[in-house]
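S.K.: First the structure, which I've put down as structure tokens, then a few questions once you've had a look.
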């Protein structure tokens with residue numbers, strides 16, 4: 001008797017209602033059915049109680065544990081807390097299946113995964129490609145050990161390596177497919193180097209969605225489009241910086257003045273929010289609607305801004321720290337407007353050895369946002 005059958009069925013039906021099972025990848029649904037989430041969940045998971053993450057243990061509260069392992073399609077299961085912050089999770093089921101669909105793995109493909117976590121995604125990849133075809137890299141030795149145990153228990157035939165995902169795994173390159181389970185602002189060039197020409201790279205980007213890149217025939221670039229919308233954790237070591245209250249502190253604002261943009265759009269328009277993230281990848285933006293809209297911005301270090309808009313849309317900006325984040329946001333906003341206000345799915349990326357170009361509409365003629373490479377692992381071949 002499957003003690004999780006009712007919860008599994010509920011999640012399956014919810015994905016059906018959202019039309020989230022990918023029609024072009026019919027292999028995913030039976031793979032998820034054969035390798036359910038609870039096989040990869042640790043005995044302790046975590047839930048936010050409104051002020052902090054608190055543990056829920058399978059041994060002492062099995063019902064609550066199961067509910068957290070099988071939440072709604074768009075909720076993740078937090079599996080690790082470090083210094084009060086969530087640092088690993090079983091990703092939202094809708095996001096997992098969407099990214100696997102974007103990756104387009106085929107039987108016999110050699111796949112590199114960056115960010116093993118609990119091991120569930122690697123197991124699903126192995127179900128498609130076959131035993132011995134998937135290598136997964138995890139920076140946290142404890143997570144790697146747990147994932148290896150779970151993957152071995154289901155006979156996945158996955159190689160689990162402890163290492164820095166940004167470096168990839170050059171020893172076994174080239175790969176047909178590369179997938180990351182954590183968000184990056186800049187795609188490491190090593191991932192492109194280690195993917196064969198015509199191969200595909202899928203990674204969360206901008207922390208609001210994921211992008212799928214195809215490596216060019218000459219291996220000197222990779223290009224592709226935004227594919228889906230979801231929040232992702234950043235790579236380990238990047239972290240989220242200090243929380244808002246510690247960046248804000250209790251000092252009076254250094255500048256106060258009107259803000260020209262309609263702050264309500266930051267709360268409702270994911271395309272605008274994404275465009276600001278493209279230009280200001282280190283800036284966190286949180287919004288809340290209540291008798292108007294308030295947006296809180298900070299860089300995780302020392303600069304902050306509050307945008308406070310009344311119900312009629314008129315807004316004030318309060319800023320502190322060495323940067324003027326409200327002004328930077330306004331400039332990024334204007335750049336997006338001058339580009340014709342492209343939607344989330346109008347954005348694409350081209351990665352070359354020394355730069356990352358973000359563009360909209362047309363890769364060659366559309367508006368562009370260029371990032372000079374800060375890749376710590378430069379081209380090696």
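The values are calculated or read from the model by the stated rules, or taken from the named source; none is laboratory data. Remember, predicted model here, so these are calculated numbers, not experimental data. Backbone-built Cβ (ideal geometry, glycine too); neighbour counts: all protein chains shown.
S.K.: Can you say whether residue 44 is touching a strand residue (DSSP E or B) at 6+ places or on another chain (Cβ under 6 Å) and either surrounded by 12 or more Cβ atoms within 10 Å (Cβ to Cβ) or without any contact (Cβ under 8 Å) to a residue 24 or more places away in the chain (or both), as far as the supplied structure shows?
M.R.: Taking the combined requirement at face value, the residue satisfies it.
S.K.: Given the options 311, 332, 326, 317, name the one that is assigned to a strand (DSSP E or B), in the same structural domain as residue 250 (by TED's automatic domain parsing) and either farther than 16 Å from residue 211 by Cβ or free of Cβ contacts under 8 Å to residues at least 12 places away in the same chain (or both). Even if it seems obvious, please write down each step before you answer.
M.R.: Working: 311 fails: assigned to a strand (DSSP E or B); 332 fails: assigned to a strand (DSSP E or B); 326 fails: assigned to a strand (DSSP E or B).
Result of the check over 311, 332, 326, 317: 317.
S.K.: Give the range 169-195 a look and list any residue that's free of Cβ contacts under 8 Å to residues at least 60 places away in the same chain and part of a helix (DSSP H, G or I), or say none.
M.R.: 171
S.K.: For the range 241-259, what are the residues that are under 19 Å from residue 332 (Cβ atoms) and free of Cβ contacts under 8 Å to residues at least 60 places away in the same chain?
M.R.: Answer for the range 241-259, where residues must be under 19 Å from residue 332 (Cβ atoms) and free of Cβ contacts under 8 Å to residues at least 60 places away in the same chain: just 258.
S.K.: Next question. In this structure, is residue 67 under 19 Å from the mean Cα position of the chain (by Cα) and outside the structural domain of residue 300 (by TED's automatic domain parsing)?
M.R.: On the way: under 19 Å from the mean Cα position of the chain (by Cα): no; outside the structural domain of residue 300 (by TED's automatic domain parsing): yes.
Answer is no for this residue.
Residues are listed down the side, and each one gets a yes or a no for (1) under 24 Å from the mean Cα position of the chain (by Cα); (2) outside any loop (DSSP other than H, G, I, E, B):
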position: 257; (1), (2): no, yes
position: 261; (1), (2): no, no
position: 264; (1), (2): no, yes
position: 276; (1), (2): yes, yes
position: 288; (1), (2): yes, yes
position: 291; (1), (2): no, no
position: 295; (1), (2): yes, yes
position: 301; (1), (2): yes, no
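S.K.: To continue, here is another question. Say we look at the range 97-122 and pick out the residues that are closer than 19 Å to residue 224 by Cβ and out of contact with any helix residue (DSSP H, G or I) (no Cβ under 6 Å at 6 or more places or on another chain); which of these is surrounded by the most Cβ atoms within 10 Å (Cβ to Cβ)?
M.R.: By that ranking, first place goes to 112.
Let's see how each residue does on (1) closer than 17 Å to residue 32 by Cα; (2) touching a strand residue (DSSP E or B) at 6+ places or on another chain (Cβ under 7 Å); (3) in a helix (DSSP H, G or I); (4) touching a residue at least 60 places away in the same chain (Cβ under 8 Å):
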position: 113; (1), (2), (3), (4): no, yes, no, yes
position: 121; (1), (2), (3), (4): yes, yes, yes, yes
position: 124; (1), (2), (3), (4): yes, no, yes, yes
position: 131; (1), (2), (3), (4): yes, no, no, no
position: 145; (1), (2), (3), (4): no, no, yes, no
position: 150; (1), (2), (3), (4): yes, no, yes, yes
position: 161; (1), (2), (3), (4): no, yes, no, no
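S.K.: Let me ask you something else. Looking only at the range 40-54, count how many residues are within 17 Å of residue 143 (Cα to Cα) and not in a loop (DSSP other than H, G, I, E, B).
M.R.: The initial filter retains those residues of the range 40-54 that are within 17 Å of residue 143 (Cα to Cα), namely 40-46.
Among the residues that remain, those that are also not in a loop (DSSP other than H, G, I, E, B) are: 44-46.
Matching residues across the range 40-54 total 3.
S.K.: Just checking, which of 289, 260, 314, 326 is surrounded by fewer than 18 Cβ atoms within 10 Å (Cβ to Cβ) and out of contact with any helix residue (DSSP H, G or I) (no Cβ under 8 Å at 6 or more places or on another chain)? Walk me through how you get there before you give the answer.
M.R.: On the way: 289 fails: out of contact with any helix residue (DSSP H, G or I) (no Cβ under 8 Å at 6 or more places or on another chain); 260 fails: out of contact with any helix residue (DSSP H, G or I) (no Cβ under 8 Å at 6 or more places or on another chain); 326 fails: surrounded by fewer than 18 Cβ atoms within 10 Å (Cβ to Cβ).
Just a single option satisfies the conditions, and that option is 314.
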